[in-house]
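Sharing a structure with you now.
The values are calculated or read from the model by the stated rules, or taken from the named source; none is laboratory data. This one's a predicted model, so the numbers in the text were calculated from it and none came from an experiment. Counting neighbours? That spans all protein chains shown, and the Cβs are built from the backbone with ideal geometry, glycine included. These area figures cover heavy atoms from the full protein model, side chains too; ligands, DNA and RNA do not enter into them. Shrake-Rupley method; radii C 1.70, N 1.55, O 1.52, S 1.80 Å.
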Amino acid sequence: QLALAPLAVARGVEVMRFLLVDVESITPTIADRAGGAVITVTGSGFRDVSTAFCKFDTDVTPARYIDANTLTCVAPPSTSTQTCLTQTVEVTMNNLTYTANGITVDRPNPVVITGVSPSRMAAAAPATLAAARDMHAMQSTGG
């Protein structure tokens, strides 16, 4: 991706800055809201500089350089009250201009296990797991 951003105009000469950084994907695409998940960012144009950062919507965290196509960032904690929180993950190499690729990470509310039935069973027997998320109960039956 090539983005053009005017830097300054002086005496009829316009100085332009080019953003040669691109975010193509992230792994994992789901991260806990408590923060601390290591997110691997894949793209191009990454450099080993102290001004490399990842931005999760408005929260900024340092980026760790792996190679020209890979960075890692630690997802920050989120205090959002949204039930289904999705955050864009963008990067910068100069702590000024961020990518605008729109790659997102989902940050679901924590699931609370409220019960398991039966409490003991044979390995191949079906079980029911009851869980609650945001006061909405859900049940999953598996075998």
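Could you compute how much accessible surface Glu24 exposes when probed at 1.4 Å, giving the result in Å² to the nearest 10?
Rounded to the nearest 10, the figure is 100 Å².
Rounded to the nearest 20 debye, what is the charge dipole size of the stretch 22-107 about its Cα centre when +1 sits on each Lys and Arg Cβ and -1 on each Asp and Glu Cβ?
For the stretch 22-107, the charge dipole is close to 160 debye.
Using a 1.4 Å probe on the protein heavy atoms only, what accessible surface does Cys84 show? Give it in Å² to the nearest 10.
110
For the stretch 17-56, what is the charge dipole size about the Cα centre, in debye to the nearest 20, if Lys and Arg each add +1 at the Cβ and Asp and Glu each add -1 at the Cβ?
For the stretch 17-56, the charge dipole is close to 160 debye.
Another question, if that's okay. Can you list the residues, at least 5 places off or on another chain, whose amide H is less than 5 Å from the amide H of Asn101, using H built in the peptide plane?
Val23
In nm, give the distance between the simple-model label positions of Thr104 and Asp48, each being 7 Å from the Cα along the Cα-to-Cβ direction.
Taking the two extended label points, one gets 3.6 nm.
Using a 7 Å offset from the Cα along the Cα-to-Cβ direction at both Thr83 and Ala123, what is the distance between the two label points in nm, to one decimal?
3.9
Here is a follow-up. How large is ³J(HN,Hα) for each residue in the stretch 55-61, as worked out from phi by the Karplus curve 6.51 cos²θ - 1.76 cosθ + 1.60 (θ = phi - 60°), to whole Hz, x for Gly and Pro?
In residue order, the calculated couplings are 10, 9, 6, 10, 8, 9, 10 Hz.
If you don't mind, there's one more thing I want to ask. Ordered by packing density, taken as the mean number of other Cβ atoms within 10 Å over each peptide's residues, highest first, how do 32-40, 91-99 rank?
Descending mean neighbour count gives 91-99, 32-40.
Grab the other residues whose beta carbon is less than 14 angstrom from that of Arg47, score K and R as +1, D and E as -1, and report the net.
Summing Lys and Arg as +1 and Asp and Glu as -1 gives -2.
While we're looking at this one, here's another question. With Cβ to Cβ distances under 11 Å as the rule, what net charge do the other residues near Cys73 carry (K, R +1; D, E -1)?
Combined, the nearby Lys, Arg, Asp and Glu give 0.
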